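Written below as structure tokens is the structure these notes are about.
The values are calculated or read from the model by the stated rules, or taken from the named source; none is laboratory data. It should be emphasised that the depicted structure is a prediction, and the values quoted were computed from it without experimental measurement. In this analysis, Cβ positions are derived from the backbone assuming ideal geometry, glycine residues included, and neighbour counts consider all displayed protein chains. Note: accessible area is taken over every heavy atom of the protein model, side chains too, but ligands, DNA and RNA are not part of it. Shrake-Rupley method; radii C 1.70, N 1.55, O 1.52, S 1.80 Å.
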Amino acid sequence: MTEQAKRYPVPETIRERAWVDEAAYRTRYQTSVESTNAFWLEEAKRLDWFSKPQTAGNVSFSPDSVSIKWFEDGTLNACYNCLDRHLDTKGDQVAFHWEGDDQAKTDSITFKALHERVCRFANGLKDLGVKKGDTVTLYMPMIPEAVVAMLACARIGAIHSVVFGGFSPDALANRIVDSGSRVVITSDESVRGGKQIPLKENVDEALDRPGTEVVEHVVVVKRTGADIETTERDRWYDDVVADQSAECPAEPMKAEDPLFILYTSGSTGAPKGLLHTTGGYLLYASMTHHDIFDVHDDDVYWCAADVGWITGHSYIVYGPMANGTTSVLFEGVPSYPDHGRIGEIIDRYGVTILYTSPTMVRSLMAQGDHIMDSSSRQSLRVLGSVGEPINPEAWQWFYRVIGNSQCPIMDTWWQTETGGVMITPLPGATELKPGSATHPFFGIQPALYDNEGNELEGATEGNLIIKASWPGQARTIWNNHERFVQTYFSTFDDVYFTGDGCRRDEEGYYWITGRIDDVLNVSGHRMGTAEIESSLVAHEAVAEAAVVGFPHDVKGQGIYIYVTLNEGVTPSDELRSELVKWVRKDIGPIATPDVIQWAPGLPKTRSGKIMRRILRKIAANELDGLGDTSTLADPSVVDDLIDHRAG
Ligand code: WT7
């Protein structure tokens, strides 16, 4: 039997105590789509509300009036739900086992201790003039203060915008300006794989860019104690929290008040700031976390993502904390000091649930089974995967080697826009097929459309859309509602368009096939081809650039670039590495090009549109399936590109 055809039934030990078994999944799913509002009002009881909502969804997906609201009449505070409500029962329970990049550096923080730290910092932010509705940018390493800062913002009603610490000063500057943040929180340096990254210096560089004058204060956490330059606007975190009271009332927020902005790449233009609001988002993050990982009070949960991505927001901070779960927070990388690290952390803290990415799995798999010999991982019960399609081979390895063939794998499909997981197995309910995200979560109605917008039935493949809203859905793009409507609600009428392609098999299992727009997925990170292209054409040697993805063993997709140089510029290896450095500096290391091919011409239609389909095929070395090239303005361009394939 091929790996793909193999099935993995629900293990008996998991079924016995699971929150949701197969029958419960079926009946509850049915209710969730038939009596949607009643279903969500009932689920809303998972949260502590200052005033309970009487209404659930109030939604229009129609292009001229897109509006998404949930629980409008309810009030609550996200930070209160993550901390205060656990204090009586779980105050002394560990919220986070923090492990530094250097494994000798650790800290275990209880819910009570975290509550105190959050209150002090929240009061500190107030002293800096941060008010309800203000935006605050975070550019931080994976240290407890990152969680403290997010929750402190939520506590006082400020909107956080976390920018991944691997982004460049320019990328940071754009996000600071777009979000209008008056305060930036960072640290002197971050440490990953034994290397220091100058976060504060990057912030200073970002704040040299036009438009950033709005920033009044930079709060700096001392992480390494590096000797950094300081300016008038800088405040040490330690000084900001010194002498602050450990009491700070949690601001009552309307369910639809903004909780955070998170930037992500689209197929065109600058990254967009997706806006998530308080009540619906928190409910959806907490419920999905609870059911998908089948979380119980004795679990130790580890989501090995970064707080700079939506996975970190929903499944390191808001979901697990709202559920009062003990988590691991890891600063470092899986390969440092060696590839045994992940397994050793699992053993050290008795991790029962591990949520990670296919890229991480493949990077360990490439080392061979023996790298897991330094750990037993017997504590593990449930595994999770997110960020990109997991190929059946990696799925198998994850299952057999990391999970000792004992743990079901939750392949969770979702997006920054969806706030939480949308298509996924449940540990006690779903028979698994490696590589399939399986079935929709409660309340989620996926469908497959052809390009004309007709719904396809049965076993088929098409554009993945979602028919009706769910509480975790992003409400808008910050400062640009029009773009929100255009991107998600104009391709097909009255449904949410995901941008992903998907297959459904005879048994109704969903198999995500990947992006169908010009968005790349590199190591589970979303990259817009247009962003990389506009970075390249800003270089004086470059006339034109076309970026496509190609299959990459570890990263899933690699970045393949066709560059047309300006007249008179001679191609050279030096220029190639200069362009690689240029993109890294401009966007950040996650955008590092894998291959640059010199292209005297690009395949274009007579109307001047680049035929990416052809470029993708050449990059993937699939030269048989180039299709019809006769509509090209100059078909001979293609032969030249094939002759000079790089990589
Ligand atoms: C895109 C969203 C969701 C958190 C991390 C990424 C791809 C995500 C899966 C999966 C196949 C997946 C999709 C999606 N994706 N999870 N389990 N199987 N593809 O969030 O950066 O917003 O990217 O990641 O293409 O559209 P994101």
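Some values worked out for this structure:
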| item | result |
| --- | --- |
| Restricting the range 473-494 to residues that are part of a loop (DSSP other than H, G, I, E, B) and farther than 15 Å from SER60 by Cα, the residue that is farthest from the ligand (Cβ to nearest atom) | ASN479 |
| Helices (runs of 4 or more DSSP H) lying entirely in the range 320-428 (those with 2 or more residues that are within 16 Å of the ligand (Cβ to nearest atom) and open to solvent by less than 20 Å² (accessible area, probe 1.4 Å)) | 358-365, 392-397 |
| Failed criterion for ILE465 (all others in (1) modelled with pLDDT of 95 or more; (2) assigned to a loop (DSSP other than H, G, I, E, B) hold) | (2) |
| Hey, THR513 closer than 23 Å to THR416 by Cβ, crowded, with 21+ Cβ neighbours inside 10 Å and either among the β-branched types (Val, Ile, Thr) or modelled with pLDDT of 95 or more (or both) or not | no |
| Pair list, Cβ < 6 Å and 6+ apart or interchain, from the range 67-88 residues that are within 16 Å of ARG155 (Cα to Cα) to residues that are of a type in the set (Val, Ile, Thr) | ALA78/THR278 |
| Residues satisfying the stated conditions in the range 574-625, i.e. under 21 Å from ARG526 (Cα atoms) and open to solvent by less than 20 Å² (accessible area, probe 1.4 Å) | LEU579, VAL583, ILE587, GLY588, ALA591, PRO593, VAL595, ILE596, LEU615, ALA619 |
| Unmet requirement for GLY193, which otherwise passes all of (1) open to solvent by 60 Å² or more (accessible area, probe 1.4 Å); (2) on the phi > 0 side of the Ramachandran plot | (1) |
| Residue in the range 75-86 that is modelled with pLDDT of 95 or more and exposed (fewer than 13 other Cβ atoms within 10 Å of the Cβ) present | no |
| Failed item in (1) of a type in the set (Val, Ile, Thr); (2) more than 22 Å from HIS86 (Cβ to Cβ); (3) touching a residue at least 60 places away in the same chain (Cβ under 8 Å), with ILE316 passing the rest | (2) |
| Residue in the range 254-272 that is within 19 Å of THR110 (Cα to Cα) and of a type in the set (S, T, N, Q) present | no |
| Qualifying positions in the range 46-74 - hydroxyl-bearing (Ser, Thr, Tyr) and open to solvent by less than 40 Å² (accessible area, probe 1.4 Å) | SER60, SER62 |
| Conditions (1) closer than 17 Å to SER385 by Cβ; (2) assigned to a loop (DSSP other than H, G, I, E, B): number failed by ILE512 | (2) |
| SER60 being under 21 Å from ALA322 (Cα atoms) and among the hydroxyl-bearing types (Ser, Thr, Tyr) | no |
| Number of the condition not met by GLU145 [criteria: (1) surrounded by fewer than 19 Cβ atoms within 10 Å (Cβ to Cβ); (2) charged (D, E, K, R); (3) part of a helix (DSSP H, G or I); (4) in contact with a helix residue (DSSP H, G or I) (Cβ under 8 Å, 6 or more places away or on another chain)] | (1) |
| Candidate set from the range 58-86 (those that are touching a helix residue (DSSP H, G or I) at 6+ places or on another chain (Cβ under 9 Å) and among the β-branched types (Val, Ile, Thr)); member that is nearest to VAL317 (Cα to Cα) | THR75 |
| The range 495-509, residues that are among the aliphatic types (A, V, I, L, M) and near the ligand (Cβ under 9 Å from one of its atoms) | none |
| Odd one out for VAL307, checked against (1) within 16 Å of the ligand (Cβ to nearest atom); (2) within 21 Å of HIS86 (Cα to Cα); (3) part of a loop (DSSP other than H, G, I, E, B) | (2) |
| Sole exception among (1) at pLDDT 95 or above; (2) within 15 Å of the ligand (Cβ to nearest atom); (3) within 30 Å of THR137 (Cα to Cα); (4) open to solvent by 30 Å² or more (accessible area, probe 1.4 Å) for ASN521, by number | (1) |
| Qualifying residue in the range 442-449 (condition: in a loop (DSSP other than H, G, I, E, B), open to solvent by 30 Å² or more (accessible area, probe 1.4 Å), in contact (Cβ under 8 Å) with a residue 40 or more places away in the chain and near the ligand (Cβ under 10 Å from one of its atoms)) | no |
| Breaking point among (1) closer than 26 Å to SER363 by Cα; (2) hydrophobic (A, V, I, L, M, F, W, C); (3) surrounded by 17 or more Cβ atoms within 10 Å (Cβ to Cβ), for VAL554 | (3) |
| In the range 172-187, the residues that are in contact with a Gly (Cβ under 7 Å, 6 or more places away or on another chain) and either within 23 Å of GLU331 (Cα to Cα) or open to solvent by less than 10 Å² (accessible area, probe 1.4 Å) (or both) | SER179 |
